[in-house]
């Protein structure tokens, strides 16, 4: 039986990966210490998701391990000897990184190094998939000439008609401290691939979303927006007229791509993993969809200050992913995803 190790296994992508590979007959080990609750408070708590996984998947084994615990991570990889490693654990917030810079870097950069070195020692031939972020590009995408439409910004240059490709520069721009720590991790994952000839992969995610997200204001765009709509909470728009655009990809489509990479791994690869232009949405457009689904009006206020390093418009060019893995594609459109998120929040509230 094949064995998988997933870090951040109680989070959105981690839990989706656990479910996907468990259904495929893998023995899945998850490493998570619910640090999201420490970062974001009770609304970020993921113990409910851990309990759900343990209840629904008999072959899932949870390990209470902190990514900063170098000896603990090494011991876990040595014990499990996984056939593949999916690294989802992270501190994911721009804003929080500025107030807790050591925690941010220790989790995102040093934690990734801890896992990479443990993998090199104990499972060097196993595919290593790292959930990176499009924030490695910093705010450089904001230098692209844009056109303003009624509900969104979009690229005015034909070069970017399909979105941002992996060749886009990652330096000489403002990243936020979170973006900088994720750059360090991203480059280290690539370096372990090239230097040690290990099958590593960085997935530079856009807005990763789905029904099992514990969305909060500082992280989890669509999940938090839908929750605000359901509960009548005030949603704050931070700058850019609410027309800032993100491409959204359902966690299931992320898991499907990870499975494709594991089946045919490459060395030191990088992919921009998002929903692409067809699955992009602005805040104003997401408001309209949420209102249609629930029948509730969005309560919101406008803050005339964008978040540091935030993108005016970002969607991923999926050409490289589709070329390398032609059997993979987006299967969940954004409206269907928001329907699932809406239903999930209602279930949790019941």
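Just want the ordering: 204, 68, from fewest to most Cβ atoms lying within 10 Å of their own Cβ. Provide the component values of the computation, followed by the final result.
Values: 204 24, 68 16.
Fewest to most other Cβ atoms nearby, the residues stand as 68, 204.
Using only alpha-carbon positions, what ratio does the radius of gyration of the stretch 215-349 give when scaled by 2.2 N^0.38 Å?
Details: Rg = 16.3 Å, N = 135, 2.2 N^0.38 = 14.2 Å.
Compared with the compact-globule rule of thumb, the stretch 215-349 sits at 1.15.
Which distance in Å, rounded to a whole number, links the C-alpha centroids of the stretch 209-251 and the stretch 62-88?
31 Å
May I have the pair-distance distribution P(r) for the stretch 3-349, computed from all Cα-Cα distances with 20 Å bins from 0 and rounded to whole percent?
32, 61, 7
Roughly speaking, what % of Cα-Cα pairs in the stretch 1-140 are separated by over 26 Å, rounded to a whole number?
Details: 1989 of 9730 pairs.
Across the stretch 1-140, Cα pairs with separations above 26 Å total 20 percent.
Under 8 Å for C-alpha pairs, at least 6 residues apart: give me the relative contact order for the chain, rounded to a whole percent. Provide the component values of the computation, followed by the final result.
Details: 758 pairs, mean separation 65.2, N = 350.
Once divided by the residue count of the chain, the mean separation gives 19 percent.
Post the alpha-carbon centroid distance, the stretch 261-291 to the stretch 140-156, in whole angstrom.
After rounding, the separation between the Cα centres reads 18 Å.
Apply 1/(1 + (r/R0)^6) to the Cβ-Cβ distance of residue 121 and residue 278, taking R0 = 56 Å, and write down the FRET efficiency to the nearest 0.05. It would help to have the intermediate numbers written out before the result.
Numbers: r = 42 Å, r/R0 = 0.76.
Plugging the Cβ-Cβ distance into 1/(1 + (r/R0)^6) gives 0.85.
Run the paramagnetic zone check for residue 81: 7 angstrom along Cα to Cβ, then residues of the stretch 122-139 with backbone nitrogen under 14 Å.
Answer for this model: 122-126.
Using Stokes-Einstein with the Kirkwood hydrodynamic radius over Cα pairs, what translational diffusion coefficient do you get for the stretch 137-217 at 25 °C and a viscosity of 0.890 mPa s, in µm²/s rounded to a whole number? Provide the component values of the computation, followed by the final result.
Numbers: Rh = 15.4 Å.
Value of D from the Cα-based Kirkwood radius: 160 µm²/s.
Can you sort 277, 135 from fewest to most other Cβ atoms within 10 Å of each residue's own Cβ? Can you show the working numbers first?
On the way: 277 18, 135 26.
Ascending number of Cβ neighbours within 10 Å: 277, 135.
Using the 10 angstrom Cβ neighbour count as an exposure proxy, how do 21, 39 rank, fewest first? Display every interim value, and only then the final one.
Details: 21 25, 39 21.
Lowest to highest Cβ neighbour count: 39, 21.
Hey, how many Å between the Cα centroid of the stretch 307-332 and the Cα centroid of the stretch 14-50?
24 Å
State the Kirkwood hydrodynamic radius of the stretch 274-350 in Å, one decimal place, computed from all pairs of distinct Cα atoms.
Kirkwood hydrodynamic radius for the stretch 274-350: 15.1 Å.
A short reminder: the numbers here are calculations on the coordinates, not readings from a lab. What you see is a predicted model, and the numbers here were worked out from it, not measured in a lab. A quick note on method: Cβ atoms are made from the backbone with ideal geometry, for glycine too, and the neighbour counts reach across all protein chains shown.
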